[in-house]
Amino acid sequence: MTNTEKPSTKEEIKKQGVVNTPKIKESSNKTPITKPATKEISSVDKSGEPKVDEQVKKSEEKAKEQPKKEVKKVEKPKVKKTIAFVDVLNLPISTKQSIAICKFVKGKSIEKAITDLEQVSMIKKVVPMKGEIPHKKGKGISSGRYPKKSAEQFIKLLKSLSANANVNDLNNPIITEAIANLASRPYGKFGRVRRKRTHVKITAKEKKSKNKEKKKEKI
């Protein structure tokens, strides 16, 4: 039989060999122990105060005195362009009419070409065309028509061409090349009709002054 009862007196406690260990109170507010930042010490003053390394001070002073190096950005020189062009694919206009308009526009300034095509769209000016086409009144015109839809598309192209010429800093740009080619024609509804499609490319160059050409010839 084992005695489960706790000893009451000190003598009974000594006989049984029971020892009461004191309980340690745990502190609720535990603060982390941090080590103080130490500086490199080279020597000690007579007063007992430590001296900071002179080399550390000198390095800090040099870092403050040295100015920050400015990184210079190298700008590339702009190459002046002498040509402005517009290249459009699959315009929904007639190839025959666009070829005639290209001949009508070639050799003119962009502004003059736009004004002439605006008159064509208003049925005031004729675009000369070849083939079995009725004759029209006008100087140097035997036969011609008023391709209104094609003229409106060409006006949009010439306006974008003038914008490209302004970006490239072209003075007095003149249309030197205007080409119209037949594009792949897709089939219409139920495959009965083939739609009209045309590729158009227009280029403009800066007009050379005659005085500059004469100076070059003299040299």
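Tabulated data for the structure shown
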read-out	value
Residue match in region 82-98 (condition: of a type in the set (Lys, Arg) and modelled with pLDDT of 85 or more)	yes
Output for region 176-202, where each listed residue is under 22 Å from Ser109 (Cα atoms) and either crowded, with 17+ Cβ neighbours inside 10 Å or among the polar types (S, T, N, Q) (or both)	Thr176, Ala178, Ala180, His199, Val200, Ile202
Of residues in region 166-219 being outside any strand (DSSP E or B) and of a type in the set (Val, Ile, Thr), the one modelled with the lowest pLDDT	Ile219
Test result for Lys159, over 17 Å from Lys96 (Cα atoms), among the basic types (Lys, Arg) and outside any loop (DSSP other than H, G, I, E, B)	yes
Every pair of residues 6+ apart whose Cβ atoms lie under 6 Å, when the first sits in region 79-97 and is among the acidic types (Asp, Glu) while the second is at pLDDT 95 or above	Asp87/Lys201
Residue under evaluation Val88, criteria (1) surrounded by fewer than 18 Cβ atoms within 10 Å (Cβ to Cβ); (2) farther than 15 Å from Leu161 by Cβ; (3) in contact with a helix residue (DSSP H, G or I) (Cβ under 9 Å, 6 or more places away or on another chain), criterion not met	(2)
Residue within region 114-129 that is part of a strand (DSSP E or B) and either free of Cβ contacts under 8 Å to residues at least 60 places away in the same chain or surrounded by fewer than 18 Cβ atoms within 10 Å (Cβ to Cβ) (or both) present	yes
Search result, residues across region 151-175 that are surrounded by fewer than 17 Cβ atoms within 10 Å (Cβ to Cβ), under 23 Å from Gln119 (Cβ atoms) and of a type outside the set (A, V, I, L, M)	Glu152, Lys156, Lys159, Ser160, Asn172
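The values are calculated or read from the model by the stated rules, or taken from the named source; none is laboratory data. Quantities reported herein were computed from a predicted structural model and do not represent experimental measurements. Because the Cβ atoms are built from the backbone with ideal geometry, glycine has one as well, and the counts that use them run over all protein chains shown.
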